[in-house]
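Note sheet for the following structure.
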Amino acid sequence: MHYFFLEGTGLLTGTEVDLAASDLKHALRVLRLKKGDRIAVADGFGTALSGFITVAGPDRVRVFLDKKIPSNESFLNITLLQSLAKGEKMDRIIRQTVELGVKKIIPLELMRSVPDLNKKVEKKQVRWQKIACSAAAQSRRAFLPQVDKVRNLKSLLFELEGQYILLPWEREDKVSLKELLKTQKPQDQSVFLLIGPEGGFDLAEIEAIRKAGGHTVHLGPRILRTETAAVAAVTIIQSIWGDF
């Protein structure tokens, strides 16, 4: 069953809704949906319903919603604080971590972050949000993760003081992520996962993160690329605390 988002729309069984204009081309020309076909629609806030198409015209696809779909959302609230990565790596990180259940992604500019976004930042954020939406639909999520604007470490740590921050770091050789997760768990089910840049963290950044209450951990004996570390860490967290 094909899946679409209507962000912020109050979805109720027994009602009709129109797909977003931005989805019409994909629905009609790519998927070739027609009257009578069943599809699913989610509001991006945790509610998803299925129904059948009643109108499939060139400028409108209307759906009658008749059945609520059970939620597959993790009860964990994982926020990924991802250092900017070059090329298509950032796209890949967003796509895969959304599929794994991340609730929010905050791109982070650190001292050794490679990309220099300059004026491209707004276009990049729009692209990243579209990737998150596509990944959420692919994995049939009713909640649509948001990709926040690019932040700097200092202001972000000020806001996150007192929160549960996990920091995989290649120079941490005592505490593994797996071991730490087995000893303590935040009561509000919220965790902030901070993944560093391809060039690694500056020691001043590590000190600032630890001062804010962050926990440095390792992911195993091998050094991982930033895109691999993000996926591996989210998988471990979901396996021990979440719904894997």
Please count how many residues of the range 63-77 are closer than 30 Å to Trp241 by Cβ and of a type in the set (D, E, K, R).
2
Scan the range 193-231 residue by residue and report those that are in contact (Cβ under 8 Å) with a residue 40 or more places away in the chain and within 17 Å of the chain's Cα centre (by Cα).
Leu193, Leu194, Ile195, Gly196, Thr226, Glu227, Ala229, Ala230, Val231
What single numbered condition from (1) of a type in the set (Val, Ile, Thr); (2) buried (at least 18 other Cβ atoms within 10 Å of the Cβ); (3) more than 27 Å from Ala132 (Cα to Cα) fails to hold for Thr183?
(2)
Looking only at the range 135-157, count every residue that is surrounded by 14 or more Cβ atoms within 10 Å (Cβ to Cβ), assigned to a helix (DSSP H, G or I) and out of contact with any Pro (no Cβ under 9 Å at 6 or more places or on another chain) and tell me the total.
4
If we keep just the residues of the range 1-34 that are part of a loop (DSSP other than H, G, I, E, B) and of a type in the set (S, T, N, Q), which is nearest to Ser139 (Cα to Cα)?
Thr9
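Every residue, every condition in (1) hydrophobic (A, V, I, L, M, F, W, C); (2) crowded, with 19+ Cβ neighbours inside 10 Å; (3) farther than 18 Å from Ser134 by Cβ; (4) free of Cβ contacts under 8 Å to residues at least 12 places away in the same chain, yes or no:
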site: Ala42; (1), (2), (3), (4): yes, yes, no, no
site: Ala48; (1), (2), (3), (4): yes, yes, no, no
site: Thr54; (1), (2), (3), (4): no, no, yes, no
site: Phe64; (1), (2), (3), (4): yes, no, yes, no
site: Ser74; (1), (2), (3), (4): no, yes, yes, no
site: Ser83; (1), (2), (3), (4): no, yes, yes, no
site: Arg92; (1), (2), (3), (4): no, no, no, no
site: Pro107; (1), (2), (3), (4): no, yes, no, no
Of the residues Leu144, Leu84, Leu100, Leu108, which is within 16 Å of the chain's Cα centre (by Cα) and closer than 20 Å to Ala20 by Cβ?
Leu144
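Every number in this text was worked out from the coordinates using simple rules, so none of it is lab data. What you are looking at is a predicted structure, and each value in this text was computed from that prediction instead of being measured. When we count neighbours, we look across all protein chains shown, and the Cβ atoms used for this are built from the backbone with ideal geometry, even at glycine.
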